[in-house]
Every structure is written in C-alpha cells, then in structure tokens.
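Worksheet: one structure, shown below.
The values are calculated or read from the model by the stated rules, or taken from the named source; none is laboratory data. Because the structure is a prediction, the values reported are computed rather than measured. A quick note on method: Cβ atoms are made from the backbone with ideal geometry, for glycine too, and the neighbour counts reach across all protein chains shown. Surface accessibility is based on the protein's heavy atoms, side chains included, excluding ligands, DNA and RNA. Shrake-Rupley method; radii C 1.70, N 1.55, O 1.52, S 1.80 Å.
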Amino acid sequence: MAINEFHQEFIEEIEKNHVLENATFIEEFFKQTTNDLVEADEVIGNPEYLHFEQSLSRNQRCQIDGYVYNENDGILTLFVIPKINYNEIESLDKTFADRYFKLASNFFEKANEVLQDGEESSEGYSLADSIIYRDKKHNDFNGLEELKIVILTERSKVSSLDTLDATKINDIRTSFQIYDINFWEKLSKSKRGKVDLILDFSNQEISGIRTNETSEYHSFMCSINGITLAKLFDKYGSRLIEGNIRSFLQTRGKVNKGIRATILKEPDKFFAYNNGITATCTDIKISDGKVTQISNLQIVNGGQTTASLTNVLINDKAELQLTKVFVPMKLNLILKDEISDELIANISNYANSQNKVNEVDLASNHPFHREIESLSRKISTPLLDGYSYGTYWYYERAAGQYSQETYKKSKAEKKNFEKINPKSQLFKKSDFAKYFNIYQKRPDIASKGGVTAFREFTQWIIDIWKKQPYLINDVFFKTQIANIIIFKTVDKIVKNADWYNSYKANINAYTIAYLYYWLELHNLMIDFNKIWKNQAVTLNLEYLFEDLTKNIHEHLIDENRPVVNVTEYAKRKICWESLQSKDLIDEKFGFGSIVIDKRDIEVEYMKFEDTISGMLQKDDPNLFTELYEILLKDENFDKSELDLIDKVAHGKNIYINEQQDNQIRDILNKYFES
C-alpha cells in the first residue's frame, strides 16, 4: 500500500471513530495514536487527552494536547498535535517542528504563568499546579526526573529530524520525539503491533554462547558490561522491562544498597556476587563469541539490578567502576510469534518465583483473562431492532490482538470483521481495570489509573480465582459489559453538558460509583441484564445522570476541597469518603424497571456433581459429551443451550446455579422429545 493511500485510510478511520464516539477529531486522533504508542511500548502509562492553549508574557504562547506520567521512570510526556491536513501529506521540517516543540515546552517552562493567568477549574491549571509543586510528597509528579515533548502528526518529517538533541528545561532533562505518518504506517504493517527495537552492540563488550535449543526457543548465556546496561536503561527506561513485570515493579529511584556497595567498592566481583538478569528477545546476532545485535530485548527478571546500575551511573557518576562491572544475562530467543505471549509469561513467572511478582500474576495468559477473552468471542449481543445480526464486545487480552485479526486480510474481510466486532466495543486490560474499579465502587483508584488501578484489579482476580472461579461466567461477562455501557453513556452526557470544561474521567468514575453506592444503601442494584439485553440504559437513568454528573463536578471543584489540584484530589480516598456523606439522589426518583431489589437476585452456586443434572451424569459418564456432539448438528438448539451443555461436558470443577440446573434438564427433555 502506497503511503498516500495509507494516509487516506488513516484519516478516514479517525473520522469514522470520532463520529461514533461523539468526540472531536483531534481528541480521537490523540486517542488512536497514543493507544497505538502504548501497545507498542513507545509510551508507558495511560495518556490523558487535554487540549490547552494560553497566551504568555513577551508575546509567547503555550499549547499541549495531552500528557502522560510514567511513574516507573519519573518521566512526564507532553503531547502536541499540529494542524491536521485531511487531504494530503505535508512535509514537517525543522522550523515547523521547533515551533510546536516550543509551544509544548513553554507550558512546562512557564507553568507559573499558567497558574497566574489560567482558569482555576481547568485541567491545564491542575497540570501546571502539579508541575510547579512536584516536590511535595503526595504530588502526582513527585520525583519527576525527565520531560519528553512529543509531536503527534499525520505529516511526514524530514530525515534530519530522525535524531533530536536533548536539552534541559528548568533543570529537568528534556528530550524530543516526532511520530509521523511513516511511523504509523510502519506500525500498522508490524505483525507484532510494535516497531522493532534493534540494539546495536557492535562497539560494546557482550560475550555470549548458545547453551540450549528447542523448537520454541534458543537460550544464550551472556555477560554484559555494567556501563552498557546502565546506559541502555537510562535511554529506554521501563520499555526494556517486560510489560507484565513493568505493571507491578517500580524501579525508579530504587537502588539496592548491596548492589551499590559492590559496584563502588568491588566492581570486579559483581559477576560472582549477583544473580544477573533474565531476558527475552526476537532476534540475536553473534559473531566470534560476541553479541553484536539484539532485537526487542525484554528483561523479565533483574529489573532492580538494572535500575540500580543506572542510578549509580546518574547519582554517583561512577562510570569508571561500571566499566569494570559485568552482569550475567540469561537470554532467551523466542522463535514462534504464536506462542511468544504464553512462553514469555511462563519464563517471567518462573524467573520471579522467589519474589512478589509471582504472587501477583499479571500475565495476560492468566486463566481469568483467557476466560474473559473466550466469553467475548462466544457471547453475541441480542438482536436489536433493525439488525439481523448480533455483535461482539471484543476483549483484547494481549496488545495488538484486534489489529492482528485483520492482518494482511482484504478490505472486504476487514470490513466484515469490524462489522460484527466494532471498534467501539473493543476493550483492553487497562480499560477493564478502570471499569472494574468503578464497578467495585472505588472511583479514587479508577482515577489513579495506570499501575495502581491495574494492581487493585489484579489482586481481585487472584482472590476470586482462588476461591470462586465459577463466578467468572456469562453472567459476570454480561454484567461487566453493562457496566461499560453505563460508563460510555455517562461519558457522552458529560461531553455534551453545557457546564462541562474539565475532569471528565473523574466525573465519570465518581458518578457511576456514587450511583452504585447509593443503590446499595437502599438494598437496590442496577438490572445489568436489562442493559445487556437492550445494549443501552433507560431514559430514566440518563435523566438521573444529567443531574448527578453536574453535582459530582461541583463536588470535585468545591473551593473548600483539601487539595488544590482537582485531579490529585480525585485520587484521594478522602474525596470519595466525603462524597459518600452527601445525599445527591432523591429517594422518590422514578428509576423504573432498571433498578431491582438486591435481595431478590442472590444466587447460590453448587458443584455440578451435587445437582440433579450432575447425578444423571454419574449414571452415564458420557451423557453430556455425547449429547453435545449430537446437538451441534441439531438446528432446534440455540447457541446458549449449546454453550451450557459444552460447559458441563468439557469443563472442570464446574459450578452451576439452580436455574442452570433446570435449564440443563429442560434441554435433555427437549432432546428426548424431538
């Protein structure tokens, strides 16, 4: 595909999605491009859209279109989006790039002016406040060490901008990056959903020997020089740490005292004293026993060792000692893309079996995530008026899954896939973590987002999977989708409200959590099944949200709030606790049938073997496996009936409720009568 054709498709895709999502083109452009950057590990964290412009002193201006803070590495990234050309690809030269780099860097450099002259209720004001007061203990950006200014564009940059010099702004190391149309095209063509990170070690000292070979991977024992590893991590940061481990470990600013002492006092003994690192890669080149190139290096064990080396480099300026340090590295070359996700996760888990990472299994192949993925592929939405087909809410268990579904497929095949798996119904693990924390009535955790929200979500997954894995079923899935539908409804209401100007993410989280909290106080709950069946909330609920969102906004920006920065305040438990003391919903409000009495829907699950259906299986062990094969060919049985028989025929440690037990016996009767 020619670059001009790609540009046209790129713009059209954003045009389509911004209409569907009721967002501005720039907001959708930001969302799509930053999502791609996160999946490709180019950006660490959860980028927030924030368009802000302001005049400054001396005829200067500032502009940003979003930001993200990578707490692992202490890096604040400010994004800026130049004017879009919808029809053709324009060149992006140095003069043009410098203008937009200056607009974004002005926001950071002159954040005090933003505070002096800006609107206090705006998100730009809150961001500037976090920058100015970043040294406060509980500030969002406490420990900020680096600033990145990033241009997101559909233009084509000139080759002289491939390498950009770093500088310092207000004593903070600052780097610059441009992601242009050529990058987006390259990313779209990548089967891995990432642009390869190729590390050149031709002038470095890394020895390596092949030690093991299988059809799935090759292993190498290597020795990497301390200064090389330290500078690598200084340059790429947490991008070098395998994603699932990165989500849990926080390496920034941490240095192991023992490691530091060895580096400074006995650097030549580091190899003997330290366990080293375990890593994976997708390609490796070795010549005469020396590693000359590694593609897509991912450290799965030894993150603290790596971070400690870098901290000694930066804080102790100990380059000489680090040149004498050699770090053992067990490097695994993954040969097959289709098994890489699971294999890397297993290598990671076993490599970390002695520490806390193994206790919180964040791997994308955890049974919970696989079950949600399976349910999302099997459960179609009900047929709605005007439609002859159902659609699917697509759960992206691993980064890039959705795009890989249509990788190298024709336009017609891609269109058909997106028809029944619309992008508007795609949700990822990070999205699920946010939605679920809201469902759990923890809007403060949802507002924190990123690592914190995902940790809380993961801990719940581990606990529920150990004790009640049978609860992760079709009812759970439909409930969570209904929760997402509620979120999207509130999001749209807030966007269109005449009073709205900032803090949409926080308003959304607190509005929904407060509703759930209030209903629970009154022994009520949302009829999630009704929302699932209609794929929409009722008008009554929409009317409620129109009033409630405004009240939540007023709570967040209350001038008597104990924390000036609104986004930071929303992350505090005190914000949620103070909201719970307020009565924002009239007890006489007419919810209608969308709300049900909580006491009427409690369901008791039983081991399948203890149910009447299970007892039938004891008499005939092959009853349900044989029945399933027969029903597959019988058009009188629908998908839900097949799924239930499939579950009891092929599942392990099955739990069902009384209703499902009755359904199974109804299916049996239906079969015998036919």
Near pairs, Cβ below 6 angstrom, 6+ apart or cross-chain, from segment 449-465 (more than 14 Å from residue 439 (Cα to Cα) and open to solvent by 20 Å² or more (accessible area, probe 1.4 Å)) to any residue that is among the aromatic types (Phe, Trp, Tyr) and in a helix (DSSP H, G or I): 465/368
Sole miss for residue 521 among (1) crowded, with 18+ Cβ neighbours inside 10 Å; (2) more than 27 Å from residue 565 (Cβ to Cβ) is condition (1)
Residue 509: in contact with a Lys or Arg (Cβ under 9 Å, 6 or more places away or on another chain), in a helix (DSSP H, G or I), aliphatic (A, V, I, L, M) and within 20 Å of residue 527 (Cα to Cα), yes or no? yes
Spans of helices (runs of 4 or more DSSP H) in segment 389-464 with at least 3 residues under 24 Å from residue 518 (Cα atoms): 429-439, 443-448
Going by the structure shown, is residue 542 modelled with pLDDT of 90 or more and either more than 29 Å from the chain's Cα centre (by Cα) or surrounded by fewer than 19 Cβ atoms within 10 Å (Cβ to Cβ) (or both)? yes
Taking only segment 159-181 into account, find how many residues are open to solvent by less than 70 Å² (accessible area, probe 1.4 Å) and either assigned to a strand (DSSP E or B) or touching a helix residue (DSSP H, G or I) at 6+ places or on another chain (Cβ under 7 Å) (or both). 10
Filtering segment 130-158 down to residues that are assigned to a helix (DSSP H, G or I) and modelled with pLDDT of 90 or more, which residue is nearest to residue 238 (Cα to Cα)? 131
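Here is a yes/no grid of residues against (1) at pLDDT below 90; (2) among the β-branched types (Val, Ile, Thr):
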position	(1), (2)
421	no, no
433	no, no
436	no, no
443	no, no
455	yes, no
461	no, yes
Counting only residues that are in a loop (DSSP other than H, G, I, E, B), open to solvent by 10 Å² or more (accessible area, probe 1.4 Å) and at negative phi, how many does segment 279-310 have? 1
So, of the residues in segment 569-583 that are crowded, with 17+ Cβ neighbours inside 10 Å and in a loop (DSSP other than H, G, I, E, B), which turns out to be nearest to the chain's Cα centre (by Cα)? 571
For residues that are among the hydroxyl-bearing types (Ser, Thr, Tyr), over 17 Å from residue 27 (Cα atoms) and surrounded by fewer than 22 Cβ atoms within 10 Å (Cβ to Cβ), tally how many sit in segment 471-515. 2
Near pairs, Cβ below 7 angstrom, 6+ apart or cross-chain, from segment 386-402 (of a type outside the set (Asp, Glu)) to any residue that is part of a loop (DSSP other than H, G, I, E, B) and surrounded by fewer than 18 Cβ atoms within 10 Å (Cβ to Cβ): 390/382; 390/383; 391/422; 400/192
Return a yes/no flag: does segment 79-101 have any residue that is at pLDDT 95 or above, closer than 14 Å to residue 65 by Cβ and of a type in the set (S, T, N, Q). no
Only one of these conditions is not met by residue 118: (1) more than 29 Å from the chain's Cα centre (by Cα); (2) open to solvent by 30 Å² or more (accessible area, probe 1.4 Å). Which number is it? (2)
Among the residues that make up segment 251-266, is at least one of them of a type outside the set (A, V, I, L, M, F, W, C), under 31 Å from the mean Cα position of the chain (by Cα), farther than 27 Å from residue 157 by Cα and at pLDDT 85 or above? no
Checked 396, 413, 359 against criteria (charged (D, E, K, R), modelled with pLDDT under 95 and surrounded by 21 or more Cβ atoms within 10 Å (Cβ to Cβ)); the one match is 396
